[in-house]
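What follows is a short report on a single structure.
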Amino acid sequence: MRRPYQSKNWRILPGNPTQEAEIARHLGISPILARLLVQRGIQTPEAAARFLYPDQDHFHDPFLLPDAEVACERLKTALSTQESILVHGDYDGDGVTSAALWTRALRGLGGKVDVFVPHRKRDGYDMRVPIIEEAKANNVSIIVTTDCGIQRVDEVEHAREQGIDVIITDHHTPKANGELPKAVAVVNPHRRDSKYPFPHLAGVGVSFKLCEALTTYLGYPASMFRRKFLDLACIGTVTDIMPLMDENRIIVRDGLRALQNTTKPGLKALLHASIGMQRTVTATDIAFGLGPRLNAASRVDETRDALNLLMTKDPAEGQHLAQRLTELNDQRREIQAKMMEEAMEEIAKTDTSESRCLVVSRSGWSGGLVGLVASKLSQQFNRPCIVIGIDSKTGEGRGSARSIEIFNIFDAINSCSELLIEYGGHAHAAGLSIRETNVVQFSRLMDQIARNQLTEADLMPALEVAMEIGTHEVSAKLLEELELLAPYGHDNDMPFFVSRGLPIMNVTRMGKEQQHLKILFRAEGLNGNDCVEAVWWNQGYLADTLASLTSLDICYTMDFNNFQGARKIQFKLCDIKPPEW
C-alpha cells in the first residue's frame, strides 16, 4: 500500500526476569506491573512498595538541603524583628507558584512581605540590579529568590553592598566552575556539596521543602504546612516538567488531592475555567489546562496576573483573573501557530532540517513563546532545537532551547558561552540571550557539537515500548493495577504496549471536523463482546486508507472509558504498522 504515514521505530524496553519475579512475588502483583516497575529503575520489593504506595512519611529531611538551617535562622530573625522581606520569583508556572508559596507562607508566619515577579520583556530573567535598588529604596533588608538566582554572583554582591541579605532558593544548574553567589544561604540541591538525596526538585519543590523546614524550625507541625501548600507545589512541579519519581511523585500525587479540594479562590476559578470541577483532577489537567493558562500571563502580557490569581482571597477577583488567563492563553495559541509557520519557513529556506541541532531565528518573534515553538520543533524533527526571537531595535535575541533525551543542551550551550550574553537552564531545556551578529556562528557551533555526539540512529523517531502483549492479557484487573503507576509525567510516562495482527472490524472518523480516528478491533475476551475501540487523535485523514486493511500491528496505551454508566476498556493509539509494511 502507499504509505501516507511513516511509522516510528518501536524499541521494546528490556526487563530483568529475576527482579520482576521477586517484586511480583513479594507484592502480589502481576508480572506485567512488575516489569513496568523494573523498567523505571525500581529493582527491589521495598523500592517497588514505596513507588506504588507513596507516603509523606517518605519525604526526605529538608534540613539535608545545603544551607537550609542557615536560611531558617536568618528568616526566623527577620520574622521576629519584622524586617521587610522581598520574595523574588520567576515568570513561568514554576516561578509564580513558588513565589506565591513563599509569600503566603511567610505572611502566614507573621512576616512583613512583598513579592516581585518579572515581566518577561521589561524586566528580563532572574534578579537584576534595578530590582535590588528598588528594594533598597523600600527598606527591604532580605531578598528570598525562588526558581532563580543561582548564577547571579554580581547581583548578590551588589545587594550585599547595599546592606541587603539574599537567600537563594533555586533548582537551576550552578555555574560550570562551581562558583556560587555569596548569599547568606544558597539552597539548591544541585550544589556540588549537596547531600540531599533527590536533586530533581522543581523550583517550587525547593521552596516547599525549605518553607517546611522553616515551619518546623519555628515549632509548627509540618502537616499543617503541607496541607496548605501541596496544591501550589504540585502545579509548579508538573508545569516545569520535573521527573515524577521519588519526592516529586509524592508532591504531585498528594498535591492533586489537595488541588481538588483547594480553598484558594483563584485556583478554584482556574480549575473551573480549565476543566470544570466534575471529575478528579489529573497531572494531565495541569500540564494542558492550568499550566498553559498560568504561563500565558508572562508569554503574552503581565506575569502579575498569574501571581495575583494564586494570591487572591476574593472569589470574584479569582473568577475575573481565571477568565483573563484563559483569554491570554487563546491569544498565545494564535501567536504560537503563526510563529510555528514562520519557523518552518526558515527551516525550509536554509535547509537546516539536515542539521543535528536546529537553530532558527527571526526578528519580531515573541520571547515568551520561543520555548513552546522550540519544543514543537524538537518533537517534530527529533533533535535538539533552539528558537531565537530578535529585537530589531536592540539587535539582541532571546532564545529558548529544547532537546531530546540523549543530548544535554545546557552543556552544549555552556560550550558556546563566549558567544552569549547570558544563559541558564537544565539538561533538556535552557534559555539564552545573544547578539544577532553571533547567531550564525552560534548555530554552526551548536550543530558541530551535536554532530560529535549524535548519530543518525539517535535522530530516528522512536517509541519506547514497555512490552508486546496479546489482547487476551488485557483485563480490567490489569488496568486497575496500572492506575497504581499514576500520576504519569516526565520519567514516569504512561506505558506503551504493542499488539500484533489485530483484526479490523470498522474504521470511522470522529470529532467536530472529523479530524480524529476510531478503529474497532476484534479482541477476544475484552469488554464482554470480544471487541475494543481504539482512538487516534488528529489522524482522521487515514480512515479511507486503513478501511481497506484487514489487520494492524498497533502501539497504544489503555484506559477505561466511562460512558453512560458503562465502563469499557479502550485503547489510545500512538502508532501503527500494517503487517505488510
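The values are calculated or read from the model by the stated rules, or taken from the named source; none is laboratory data. Just so we're clear, the structure is a prediction, and the values are computed from it rather than from any experiment. Note that each Cβ is placed from the backbone with ideal geometry, even for glycine, and that neighbours are counted across all protein chains shown.
Could you please let me know if A159 is under 24 Å from Y91 (Cβ atoms) and either in a loop (DSSP other than H, G, I, E, B) or out of contact with any strand residue (DSSP E or B) (no Cβ under 9 Å at 6 or more places or on another chain) (or both)?
Judged against the criteria, A159 is not a match.
Let me confirm something: among L419, L369, which residue is under 27 Å from Q331 (Cα atoms) and in contact (Cβ under 8 Å) with a residue 12 or more places away in the chain?
Numbers: L419 fails: under 27 Å from Q331 (Cα atoms).
Going through L419, L369 in turn, just one is under 27 Å from Q331 (Cα atoms) and in contact (Cβ under 8 Å) with a residue 12 or more places away in the chain: L369.
For the stretch 166-189, state whether one or more residues are surrounded by 18 or more Cβ atoms within 10 Å (Cβ to Cβ), part of a helix (DSSP H, G or I) and at pLDDT 95 or above.
No, that holds for no residue.
How do the pairs read when you match residues in the stretch 147-158 that are at pLDDT 95 or above with residues anywhere that are among the polar types (S, T, N, Q) and in a helix (DSSP H, G or I), using Cβ under 6 Å and keeping only pairs 6 or more apart or on different chains?
D147/S98
Just to be sure, is A202 among the small types (G, A, S), within 24 Å of V281 (Cβ to Cβ), outside the structural domain of D493 (by TED's automatic domain parsing) and touching a Lys or Arg at 6+ places or on another chain (Cβ under 9 Å)?
No: the conditions fail for A202.
Please give the strands (runs of 3 or more DSSP E) falling wholly within the stretch 383-478 in which 1 or more residues are under 21 Å from the mean Cα position of the chain (by Cα) and crowded, with 20+ Cβ neighbours inside 10 Å.
385-391, 396-402, 420-425, 429-435
Given the criterion over 20 Å from V465 (Cα atoms), in contact with a Leu (Cβ under 7 Å, 6 or more places away or on another chain) and either outside the structural domain of H472 (by TED's automatic domain parsing) or assigned to a strand (DSSP E or B) (or both), identify the matching residue among L517, L552.
Going through L517, L552 in turn, the sole match is L517.
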